[in-house]
Amino acid sequence: MSMAGVQGKEATVDFEIASAGKLCQTWYRIFGDLDADPTKRPLIAVHGGPGLTHHAMLPLADLSTKFSIPVVLYDQIGNGHSTHLPEKNGDESFWTEALFHSELTNLIANLGLQNREFDLLGHSWGGMMLSTYAALFQPPGLRKLVLANAPADLASWSAAYFRYREDMPADKLAIVVKYEDAGDFTNEEYESVLMEYFFSKHVCTVDPWPQELLDSFAWVGKDGTVSHTMMGYDEFRPQGSLKDWSSVNILHQISVPTLVINGVNEGADDSAIKPFLDKIPDVTWKKLENSSHCPQFEDREFYMKTVAKWLLQE
């Protein structure tokens, strides 16, 4: 289903970063009305990557049109319609998880939600970031948290990816290894082999990929500053500022009801999400058997019903 007909209010908020050297802005889009009914908790949805955009989250507009949940999507700093900082490429001291925590706090305040209840949903990297955000900051208005298709630590994600790649045809895996050994991660053949034999099975199984997902990934091609500085170029061996990322030791500090979602044959496999289930005090797990890493596209209707039912139940 195309999102071409979906409308939403678009705007920006200023985001001051002392070391940026310029005033930055976070772009956001609202589906529904944040003020029409104060009893309806808005949902702020955080995209993955790092380095992707809100386009991959556009299906969540369904939560507004079908379940009357106001939805806020935004492009994280350095991505999409928000301020880009290519001059900070490679600066791991700038591109940290804490930067994105600060951006979210700033967005919440500028939306006037700091004194209201709201929910948070993060997909992939967005879920990673929200797991530490909820644990470290415990925002007073946060009512419910959804961690969708996110690992509790990157080492577990990498382990799953290495396991899956062994299922690739031997000649195709050999091509991947050849370019890995050469450090040539932008080669067209390398990228096409991964798309056909890996991403199509472990990221999104819809064929062809939805345009919104393609649009999100296209932004990395336009400006890979965030992605490459925080995660590197190698799909299987994370580098950059998130290389050793883990939320495991602080998950017990998450104080709100949390829904953990994962699919099959994805990076956030059962082992990767297990610390969420073991350590978050009030946690619910929903495994979606008909999708891999992008259920918002692969099993859209069921995903939306699952999320909406959980958010709306008291």
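In summary, residue 124 fulfils each of the numbered conditions (1) over 24 Å from residue 305 (Cβ atoms); (2) among the small types (Gly, Ala, Ser); (3) in contact (Cβ under 8 Å) with a residue 60 or more places away in the chain with the single exception of condition (1).
Does any residue in segment 49-64 that is in contact (Cβ under 8 Å) with a residue 24 or more places away in the chain come within less than 7 Å, Cβ to Cβ, of a residue that is of a type in the set (Lys, Arg) six or more places away or on a different chain, and which pairs are these? That search, which allows pairs on different chains as well, returns 54/29; 59/300.
A quick yes/no check of all residues on (1) at pLDDT below 95; (2) under 27 Å from residue 80 (Cβ atoms); (3) acidic (Asp, Glu):
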residue: 138; (1), (2), (3): no, no, no
residue: 166; (1), (2), (3): no, no, yes
residue: 201; (1), (2), (3): no, yes, no
residue: 209; (1), (2), (3): no, yes, no
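Under the condition of being buried (at least 19 other Cβ atoms within 10 Å of the Cβ) and not aliphatic (A, V, I, L, M), which residue from segment 105-120 is farthest from residue 308 (Cα to Cα)? Among those that are buried (at least 19 other Cβ atoms within 10 Å of the Cβ) and not aliphatic (A, V, I, L, M), it is 118.
Reported count of residues in segment 239-292, each being among the small types (Gly, Ala, Ser) and in a helix (DSSP H, G or I), is 4. If the condition is being under 30 Å from residue 37 (Cβ atoms), of a type in the set (Val, Ile, Thr) and part of a loop (DSSP other than H, G, I, E, B), then segment 64-103 contributes only 69. Within segment 34-61, restricting attention to residues that are within 16 Å of the chain's Cα centre (by Cα) and part of a loop (DSSP other than H, G, I, E, B), the residue that is nearest to residue 217 (Cα to Cα) is 52.
If you scan segment 104-126, which residues turn out to be in a strand (DSSP E or B) and either at pLDDT below 95 or in contact with a His (Cβ under 9 Å, 6 or more places away or on another chain) (or both)? Result: 122, 123.
Of the residues examined, residue 69 is not one that is under 18 Å from the mean Cα position of the chain (by Cα) and surrounded by fewer than 24 Cβ atoms within 10 Å (Cβ to Cβ). Picking from residues in segment 80-117 that are in contact with a strand residue (DSSP E or B) (Cβ under 6 Å, 6 or more places away or on another chain) and of a type outside the set (Val, Ile, Thr), the one that is farthest from residue 218 (Cα to Cα) is 117.
In summary, helices (runs of 4 or more DSSP H) completely within segment 140-228 and bearing 1 or more residues that are under 30 Å from residue 251 (Cα atoms) and under 24 Å from the mean Cα position of the chain (by Cα) occur at 154-165, 211-222. Answer with yes or no whether residue 31 is hydrophobic (A, V, I, L, M, F, W, C) and under 21 Å from the mean Cα position of the chain (by Cα). Judged against the criteria, residue 31 is a match.
Looking across segment 236-263, the residues that are out of contact with any Leu (no Cβ under 8 Å at 6 or more places or on another chain) and either farther than 26 Å from residue 312 by Cβ or charged (D, E, K, R) (or both) come down to 236, 237, 239, 240, 241, 247, 248, 249, 252.
The values are calculated or read from the model by the stated rules, or taken from the named source; none is laboratory data. Computed from a predicted model, the values in this text were never measured in an experiment. Don't worry about glycine lacking a Cβ; one is built from the backbone with ideal geometry, like all the others, and counts go over all protein chains shown.
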